[in-house]
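Nothing in this text is a laboratory measurement; each read-out follows from the coordinates by a stated rule. Keep in mind that this is a model prediction, so the values were computed, not measured. Glycine also receives a Cβ, built like all others from the backbone with ideal geometry; neighbour counts cover every protein chain displayed.
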C-alpha cells in the first residue's frame, strides 16, 4: 500500500469509507476484483465512469484541491492504494 502526503491511518479509513459507500449504492459487491479512481474530474469504478451525483458526494468529502486523488485496486489478495493530497 502506498499513501502519499497523508496520514496512512486516515487515508486507509477514507478508502474504506469510499468502498462502503460504493457497496451501499450497489456499485460494487465487495473489495476483491474492484478498482476505483477518484479525482477532481471523475469517479471511475472498474473502468466505468460513475454518475455525476455519486462523484460529487465523494468529491465534496474527500477531494480538497484539484490535484488530490485516490486510487484503489484489489485482486487475488493483493491490494494497492494510492492517496495523493497537494
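Just a few scattered comments:
- Answer from 57, 45 - the residue that is within 9 Å of the chain's Cα centre (by Cα) and closer than 19 Å to residue 13 by Cα: 45
- Residue, nearest to residue 33 (Cα to Cα), within region 46-64, restricted to residues that are without any contact (Cβ under 8 Å) to a residue 24 or more places away in the chain and in a loop (DSSP other than H, G, I, E, B): 46
- Looking only at region 19-44, and only at residues there that are in contact with a helix residue (DSSP H, G or I) (Cβ under 6 Å, 6 or more places away or on another chain) and not in a loop (DSSP other than H, G, I, E, B), the one that is farthest from residue 69 (Cα to Cα): 43
- The single condition among (1) within 13 Å of the chain's Cα centre (by Cα); (2) part of a helix (DSSP H, G or I) that residue 71 does not meet is (2).
- Residue match in region 75-83 (condition: within 13 Å of residue 19 (Cα to Cα), out of contact with any helix residue (DSSP H, G or I) (no Cβ under 7 Å at 6 or more places or on another chain) and in a loop (DSSP other than H, G, I, E, B)): no
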